[in-house]
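The values are calculated or read from the model by the stated rules, or taken from the named source; none is laboratory data. This is a predicted model, so every value here is computed, not measured. Cβ sites come from the backbone with ideal geometry, for glycine too, and all protein chains shown count toward neighbours. When the accessible area is computed, the model is the full protein with side chains, heavy atoms only, and any ligands, DNA or RNA have been set aside. Shrake-Rupley method; radii C 1.70, N 1.55, O 1.52, S 1.80 Å.
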Amino acid sequence: MARQSGPKARVNRRLSALIYESAGAVRAMERRDNPPGMHGRTRRPTNYGHALAEKQKVKHYYGLGERQLRRYFDSVVHKKGNAGEQLMVLLERRLDNVIRRAGFVKTRPQARQGIVHGHFQVNGVKVTKPSYLLRAGDVVTIRNREKLTELYRGIVANSSTQPTDWIAFDAETLRATVQGLPGPGDVSLPVDVNIVVEFLSR
């Protein structure tokens, strides 16, 4: 699991996208959306630079390291169909992403922290791997601890998460059910996946 410890707002500004959703990063992006640096970026990026930026979007958004992204890519590149779409759908099925999309937390780093600390269960079994891939029918719940329930009820009450067709979330019971596998249209990151595939295929 990759952890971004530096200024998240700079990543958002450099990639010109809201990758990190923390309140500070969002406010900083609203104030100054130009690339970081004293003079900003004036030259048009090369094709390589554009492809690299698209790949970096995927890595930062889903919290992946370079090797981890390569492993995901290698697992789909030889399958039938569009490799880019299959890659993004696979990443959408990660437990940390499903927890964020369902509305348990406000950001993916929060989701990863909660998973590693053992706050979540899948089908009644504690899971501590953010990269765990969910399947249709899987149910995600909070462990039966009073303080955890209070913590996540507070987060959910102040959340403004957009609902998704493939995840059903019950805010009363804090229960998310994966109703089906996501499709290409369910991917939450605006990225040119074909350019990412070309870059990873080098």
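So which of Gly154, Gly84, Gly114 is modelled with pLDDT under 95, among the small types (Gly, Ala, Ser), closer than 22 Å to Leu64 by Cα and assigned to a helix (DSSP H, G or I)?
Criteria check complete, one pass: Gly84.
Quick one: Leu151 ticks every box in (1) of a type in the set (A, V, I, L, M); (2) free of Cβ contacts under 8 Å to residues at least 60 places away in the same chain; (3) open to solvent by less than 60 Å² (accessible area, probe 1.4 Å) except a single one, so which number is it?
In the conditions (1) of a type in the set (A, V, I, L, M); (2) free of Cβ contacts under 8 Å to residues at least 60 places away in the same chain; (3) open to solvent by less than 60 Å² (accessible area, probe 1.4 Å), Leu151 misses (3) alone.
Please go through the range 154-198 and pick out each residue that is closer than 22 Å to Asp74 by Cβ, among the polar types (S, T, N, Q) and surrounded by 15 or more Cβ atoms within 10 Å (Cβ to Cβ).
none
Based on what the data block shows, is Gln162 assigned to a loop (DSSP other than H, G, I, E, B), of a type outside the set (Ser, Thr, Tyr) and on the phi < 0 side of the Ramachandran plot?
In short, yes.
Yes/no per residue for (1) acidic (Asp, Glu); (2) buried (at least 22 other Cβ atoms within 10 Å of the Cβ):
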residue: Glu66; (1), (2): yes, no
residue: Arg71; (1), (2): no, no
residue: Ser75; (1), (2): no, no
residue: Lys79; (1), (2): no, no
residue: Gln86; (1), (2): no, no
residue: Arg94; (1), (2): no, yes
residue: Asn97; (1), (2): no, yes
residue: Arg108; (1), (2): no, yes
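Among the residues of the range 143-202, what is the count of those that are of a type in the set (Lys, Arg) and more than 21 Å from Lys106 (Cβ to Cβ)?
Residues that pass the stated criteria total 1.
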